[in-house]
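A short worksheet on the structure shown next.
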Amino acid sequence: MIERRPLASLGSFQNDWLNAKHYFSFDQCRDSSRMGLGRLPVWNDAEIAPGTGSNPHPHQGMEIVIYIRSGAITHQDSLGNVGRPEAGDVQVMHAGAGIDHAEYNKEAIATRLF
């Protein structure tokens, strides 16, 4: 089934570094009719402001797939791994128990990603 959803109809979250739209029920945007798609619980359309990002935080038992639409994002984890996918790249991370990760836009332009 294909469903057309205007961007304005999506759940949203915005703070000083992140502007995100949620295709499925997520975080503060609760919608019991949109609880993911099978094993895909979250799909966000996000923009990360230049020179900002998220400090280290945990996830548990998740596979995180990121497609960079423009800009680049630098990921660091508590094991010392660092990655910098840029526009057109896909990054896949396994977020297991006990590992924190951080994501930063170290670029001079906003980074857009799914």
Against the condition modelled with pLDDT of 95 or more and touching a Lys or Arg at 6+ places or on another chain (Cβ under 6 Å), how does ARG84 come out, does it pass? no
Any residue in the range 73-81 that is modelled with pLDDT of 90 or more and charged (D, E, K, R)? no
Enumerated strands (runs of 3 or more DSSP E) restricted to the range 56-114, each holding at least 3 residues that are farther than 18 Å from TRP43 by Cα and hydrophobic (A, V, I, L, M, F, W, C): none
For the range 19-41, which residues satisfy the criterion of being at pLDDT 60 or above and either touching a strand residue (DSSP E or B) at 6+ places or on another chain (Cβ under 6 Å) or β-branched (Val, Ile, Thr) (or both)? ASN19, ALA20, LYS21, HIS22
Looking at (1) over 14 Å from the mean Cα position of the chain (by Cα); (2) at pLDDT below 85, find the lone condition where SER12 falls short. (1)
Here are the criteria: (1) touching a Pro at 6+ places or on another chain (Cβ under 6 Å); (2) over 26 Å from ALA8 (Cβ atoms); (3) surrounded by 13 or more Cβ atoms within 10 Å (Cβ to Cβ). Tell me which single one ILE68 does not satisfy. (2)
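The values are calculated or read from the model by the stated rules, or taken from the named source; none is laboratory data. Since the structure is predicted, the reported quantities are computational estimates derived from the model, not experimental observations. Here Cβ is always computed from backbone atoms with ideal geometry, including for glycine, and neighbour counts include all displayed protein chains.
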